[in-house]
Amino acid sequence: MHVLVVEDEAGLAAELMHFLKQEHYKCDWACNGEDASERIAVNRYDFILLDLGLPDYDGLDLLQEARETDYEPAVIILTARGELEDRVKGLGLGADDYLAKPFSLLELQARMQAVSRRKFNVKSSVHVFHGFELDSTARTVTYNGQNISLTKKEFDLLHYMLLHKNRIMTRLQLTEHIWGNILEDDYDSNYIDVHIKNLRKKLSAHAPTDWIETVRGVGYRLTL
């Protein structure tokens, strides 16, 4: 998952980023509302962890901006503002959950997983498809019990396409998911084609992979 952490407290932001990266999330950090607004407009985030008490912006305005995008990121509000009015207003504007500071990182992870299950209608960490089995917790892919060695990016790509099964994913969407903020990182959209080619090669050693479809001029689709 590609996560934007919107938090003006540098120490807390660093702690969140370190924890999430250990859990295999791709993270960007915005220390103020202006930076966050620009990032939300340019990048396609799966999750936004949003502090309401920003020095230059009302966090609820950022929430509204996120809800006006075409990619529908999940939003969890992280704030010391515990008043019922703020909580109700945030949920009313489309926040998926609300966690008051101080909070446990393990509880945050559990809430993110719960939101992900609702968003993608996933009931288990194990995905079974076309004879293959992907375990998103153990980060393994197997076929008839035989482990298939994938690189981190190959695994992330396959998992992301599974979550968006039967939908056309553009090269830009896949690139942003794998490399994060494309404005800051050195990337080449052709890398996606290379990773798809390598992924198909490794999987097709066990069974046909015609279910990974190429949509000419656009991107790819994983069909179930």
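The values are calculated or read from the model by the stated rules, or taken from the named source; none is laboratory data. Only a predicted model underlies this, so the values are computations on that prediction, with no experimental measurement involved. FYI the Cβ positions are ideal-geometry reconstructions off the backbone, even for glycines, and counts take in every protein chain you see. Keep in mind that these areas ignore ligands, DNA and RNA; they rest on the heavy atoms of the full protein, side chains included. Shrake-Rupley method; radii C 1.70, N 1.55, O 1.52, S 1.80 Å.
Observations on the model:
- Highest-fluctuation residue, LEU174, LEU49, LEU203 considered, GNM on the chain with Cα pairs under 10 Å: LEU203
- For the chain, averaging the sequence separation of C-alpha pairs within contact (under 8 Å, six or more residues apart) and dividing by the residue count gives a relative contact order of 15 percent.
- Radius 13 Å from Cβ of LEU203, net charge of other residues (Lys, Arg +1; Asp, Glu -1): +1
- Normalised by the number of residues in segment 30-103, the mean separation of alpha-carbon contacts (under 8 Å, six or more apart) gives a relative contact order of 30 percent.
- In this label model, ALA14 and THR137 are separated by 3.2 nm, measuring between points 7 Å along each Cα→Cβ vector.
- For the chain, adding -39500 (n - 2.57) for each run of n ≥ 4 DSSP H residues and dividing by the number of residues yields -13000 deg cm²/dmol at 222 nm.
- For segment 103-168: span of alpha carbons on each principal axis (Å, largest first): 40, 25, 20
- Gaussian network model of the chain, springs between alpha carbon atoms under 10 Å - residue of GLN146, GLN173, GLN64 with greatest fluctuation: GLN146
- Rounded to the nearest 10 degrees, the angle from helix 105-120 to the longest Cα principal axis of the chain is 60 degrees.
- Segment 44-144, accessible surface, carbon-and-sulfur percent (1.4 angstrom probe): 48
- Global size of segment 28-128: 13.7, 46 Å for Rg and Dmax (C-alpha atoms, Rg to one decimal, Dmax whole).
- Shape analysis of the chain based on the Cα gyration tensor places the equivalent ellipsoid semi-axes at 33, 18, 15 Å, largest first.
- Per the Debye formula on identical point scatterers at the alpha carbon atoms of segment 108-223, with no solvent, log10 I(q)/I(0) at q = 0.18 Å⁻¹ is -1.00.
- Among LYS101, LYS152, the sequence by solvent-accessible area, most first, with a 1.4 Å probe is LYS152, LYS101.
- Under 20 Å of direct C-alpha separation, and excluding same-chain neighbours fewer than eight residues apart, LYS123 reaches these aspartates and glutamates: GLU23, ASP46, ASP96, ASP97, GLU107, GLU133, ASP135, ASP156.
- Beta bridges by DSSP in the chain, antiparallel share as percent, to the nearest 5: 50
- Exposure of HIS159 as accessible area (Å², to 10), given a probe of 1.4 Å and all protein chains: 40
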